[in-house]
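The values are calculated or read from the model by the stated rules, or taken from the named source; none is laboratory data. Here the structure is a predicted model, which means the values were calculated and not measured. Here the Cβ positions follow ideal geometry from the backbone for every residue, glycine too, while neighbour counts run over all protein chains shown. For accessibility, only protein heavy atoms count, side chains too; no ligands or nucleic acids. Shrake-Rupley method; radii C 1.70, N 1.55, O 1.52, S 1.80 Å.
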Amino acid sequence: QKEVEQDPGPLSVPEGAIVSLNCTYSNSAFQYFMWYRQYSRKGPELLMYTYSSGNKEDGRFTAQVDKSSKYISLFIRDSQPSDSATYLCAMSALGTALIFGKGTTLSVSS
Amino acid sequence: SAVISQKPSRDICQRGTSLTIQCQVDSQVTMMFWYRQQPGQSLTLIATANQGSEATYESGFVIDKFPISRPNLTFSTLTVSNMSPEDSSIYLCSVGGGQTRINYGYTFGSGTRLTVV
């Protein structure tokens, strides 16, 4: 079993839809959870950061962490064509490097 | 967050040659990380580079193949040595920091897209 599992998609939605992206993990020591967005031919850009369990909201984006289920989610409300990108979940334990999921490719059509 | 300038942005190299990738940060950072992203794959950590000490390599990566320099707190280089087509990837540098000061890799450069022919 891989440490971080992420459905690669692709995921196609119409503009305005609510998008749900998910990752599961196996390492109970993970405490720091991040979502990155990566446009084609660009480096990953940090979208959301969450420490331990709970929810975090930033504009149209909401990140959720359920440590009991080892499951994290990113919700995008009112999705826009500019949200079309690859979304990578990443997580780490204290003082260790990030472990990334494979990324989910999202396409939002106008 | 820090701003990272990574060069070159892309290159096509002959097998058996070496390429050095540069990573310049606009502020002093303790730890820098080098990642590889192979086609269709996620990011894999190659090594962690601290200023003034030897880089720490992850399993499957060795110093002879991927020598790293870290001469100061704003600069690092990664060399891909004796290249083969299997080294064709995107190479990314990353710096730690942010709100929690945890050295987990936070901001990424735009990457170097390497093709070995």
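Need at least 1 residues that are closer than 22 Å to residue B:35 by Cβ per element, so show me which strands (runs of 3 or more DSSP E) inside the stretch A:1-57 make the cut, counting only ones lying wholly within it. If you could, list the steps in order and put the result at the bottom.
Details: elements: A:4-6, A:11-14, A:19-25, A:32-38, A:45-51.
In the stretch A:1-57, A:4-6, A:19-25, A:32-38, A:45-51 are the strands (runs of 3 or more DSSP E) which contain 1 or more residues that are closer than 22 Å to residue B:35 by Cβ.
Considering only residues in the stretch B:74-87 that are more than 13 Å from the chain's Cα centre (by Cα) and open to solvent by 30 Å² or more (accessible area, probe 1.4 Å), the one that is nearest to residue A:96 (Cα to Cα) turns out to be B:74. Looking for something open to solvent by 20 Å² or more (accessible area, probe 1.4 Å), closer than 16 Å to residue A:93 by Cβ and modelled with pLDDT under 95 - is there at least one such residue anywhere in the stretch A:33-44? So far as the stretch A:33-44 goes, no, none of its residues is open to solvent by 20 Å² or more (accessible area, probe 1.4 Å), closer than 16 Å to residue A:93 by Cβ and modelled with pLDDT under 95.
Residues in the stretch B:18-57 that are β-branched (Val, Ile, Thr) and open to solvent by 60 Å² or more (accessible area, probe 1.4 Å): B:20, B:30, B:44, B:56. In the stretch A:58-83, what count of residues is obtained for those that are under 27 Å from residue B:111 (Cβ atoms) and assigned to a loop (DSSP other than H, G, I, E, B)? Number satisfying all stated conditions: 4.
Which count do you get for residues in the stretch A:47-69 that are among the basic types (Lys, Arg) and at pLDDT 95 or above?
We begin by selecting, within the stretch A:47-69, every residue among the basic types (Lys, Arg); these are A:56, A:60, A:67.
Filter again for at pLDDT 95 or above, leaving A:60.
Residues in the stretch A:47-69 being among the basic types (Lys, Arg) and at pLDDT 95 or above: 1 in total.
Condition first: within 12 Å of chain B (Cβ to nearest Cβ) and either within 30 Å of residue B:115 (Cβ to Cβ) or in contact (Cβ under 8 Å) with a residue 40 or more places away in the chain (or both). Can you find one or more residues in the stretch A:13-28 that meet it? Within the stretch A:13-28, one or more residues are within 12 Å of chain B (Cβ to nearest Cβ) and either within 30 Å of residue B:115 (Cβ to Cβ) or in contact (Cβ under 8 Å) with a residue 40 or more places away in the chain (or both).
Quick one: residue B:37 ticks every box in (1) without any contact (Cβ under 8 Å) to a residue 40 or more places away in the chain; (2) within 24 Å of residue A:37 (Cα to Cα) except a single one, so which number is it? Result: residue B:37 fails condition (1) only.
Could you grab me the full set of residues in the stretch A:1-25 that are open to solvent by less than 60 Å² (accessible area, probe 1.4 Å), at pLDDT 90 or above and farther than 14 Å from residue A:100 by Cβ?
Here is the first cut: in the stretch A:1-25, the ones open to solvent by less than 60 Å² (accessible area, probe 1.4 Å) are A:4, A:6, A:9, A:11, A:13, A:16-17, A:19-25.
Right, trim to at pLDDT 90 or above and you get A:4, A:6, A:11, A:13, A:16-17, A:19-25.
Across the stretch A:1-25, the qualifying residues are A:11, A:13, A:16, A:17, A:19, A:20, A:22.
Note on the stretch B:75-108: residues that are modelled with pLDDT of 90 or more, within 13 Å of another protein chain (Cβ to nearest Cβ) and either touching a Cys at 6+ places or on another chain (Cβ under 8 Å) or over 17 Å from residue B:48 (Cβ atoms) (or both) amount to 2. Exactly one residue among B:62, B:25 is of a type in the set (Val, Ile, Thr), within 14 Å of the chain's Cα centre (by Cα), farther than 20 Å from residue A:40 by Cα and modelled with pLDDT of 95 or more, and that residue is B:62.
Considering only residues of the stretch A:43-102 that are aromatic (Phe, Trp, Tyr) and within 12 Å of another protein chain (Cβ to nearest Cβ), which is nearest to residue A:5 (Cα to Cα)? Break it down stepwise before answering.
So in the stretch A:43-102, the residues aromatic (Phe, Trp, Tyr) come out as A:49, A:51, A:61, A:71, A:75, A:87, A:100.
Narrowing the set further to residues that are within 12 Å of another protein chain (Cβ to nearest Cβ) leaves A:49, A:51, A:87, A:100.
Working: A:49: 18, A:51: 19, A:87: 13, A:100: 9 Å.
Within the stretch A:43-102, the match that is nearest to residue A:5 (Cα to Cα) is A:100.
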